[in-house]
Amino acid sequence: MAKERDKYVDVIAKLVQLTQEGKLTWSSSNPSTTESVAGEQIESIFTTNYKRAKLRILRKRYKHEPNISPAFLGFGSGAGPRWITETVLDMIDDGNFQLWRFPNVGPIDDLFSAVQYQVAGVKSFIENVLQDDEGP
């Protein structure tokens, strides 16, 4: 299983590199009913096409209710529900239905950050600000 996991890490790391180099272009997408489940909040969705595969990366939040007896909690224990954030990378079809989900390995969050950076145009914004002598 370690070798299989390493392959997923390598693939996602390659997607990060291609994204950062501008060789893989992502676009922002709106959540649809196929991407959200009751109780989840979809923060951002981005899609791209690469090597005849349509990829979607998204960040979602959902509420986690701890499985703790109320008698055990006590007053002010702070063990109430909390929000969990998860980043997922899927292969999807033309209707945006998930065909397969990559395992949750470390570089997925790095890929999401690289995609956000690219789609928001942060690099060109920074360059424009630093070259601008006149101000707003």
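Read-outs throughout are calculated quantities, based only on the coordinates presented, and are distinct from any laboratory measurement. In this text the structure is predicted, and so the values were computed from the model without any measurement. Positions of Cβ are backbone-derived with ideal geometry, glycine not excepted, and every protein chain shown enters the neighbour counts.
Quick notes on this one:
- For the range 81-106, the residues whose backbone nitrogen is under 18 Å from a point 7 Å from the Cα of Ala120, taken along Cα to Cβ, are 86-88.
- Here's the list of lysines a cross-link from Lys3 could span, going by alpha-carbon distance under 22 Å and ignoring same-chain residues fewer than 8 apart: Lys14.
- For Lys23, Lys3, the sequence from fewest to most other C-beta atoms within 10 Å is Lys3, Lys23.
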